[in-house]
Amino acid sequence: MGQGLVNGPGKPGTSVSVGVPPRPTFAELYEAYFTFVWRSARRLGTPEPNLDDVVQEIFMVAFRRQDEFEGRSSVKTWLYGIVFNVVRAHRRELAQKHPQALAADRRVDPDLLVDDTDGPHEQASKGEAARVLDLFLDDLDDDRRAVFVLAELEQLTAPEIAAIVGSPLNTVYSRLRLARIEFAKAVARHRARDDRRRS
């Protein structure tokens, strides 16, 4: 078994391989990746009221599985695999027990998207873009949603995505292509509605 995430140089009873960088401690992992995990869980469809519990569960799973990390991928990719699986399981459970929770209206907090240098027009544009993206992601099936989020929002490569979601590479490319087509249609519908409002 490989060196765990909480082990490192200088800790009693651990051996360190030459040329292998030390892995972060669990506290370092949490500090470095909390925002990434929270954002990813949200983008993959965790309803807002459940988000804190799901993020906590993700870090608990990461803690339990830290010895499984072998360094063949980045820590971020390994962690995203855990995010993907925990969120998928959570959404399936909600769909069975409380389907209305997944259908609930999701709202974006525009304060999370803007900075102090944005003017009112930029703030409104960012808020509207986030709402369109949220609505689009809500309408995608879970498989296309995961691939779209990983590729377009997290900027992972198709081989990384295939490893995370456990699908063949060609399936990932197909899902991404279909999701991009659906996204283009969603943007076109949104623009058409805006044009009708202005005229």
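Rule-based calculations on the coordinates, nothing more; no lab input. What you see is a predicted model; the values in this text were computed from it and never measured. Cβ coordinates were reconstructed from backbone atoms using ideal geometry, including for glycine residues, and neighbour counts include every protein chain displayed.
Full extension of the chain between ARG131 and ALA184 yields a length gain of 17.6 nm, computed as 0.36 nm times the residue separation minus the alpha carbon distance. Each residue in HIS90, HIS98 was given a count of other beta-carbon atoms within 10 angstrom of its own, and listing them fewest first yields HIS98, HIS90.
Ranking of PHE69, PHE63 by neighbouring Cβ atoms within 10 Å, starting from the fewest: PHE63, PHE69. Exposure proxy for THR46, THR171, THR35, THR157: other Cβ atoms within 10 Å of each Cβ, ordered fewest to most, give THR35, THR157, THR171, THR46.
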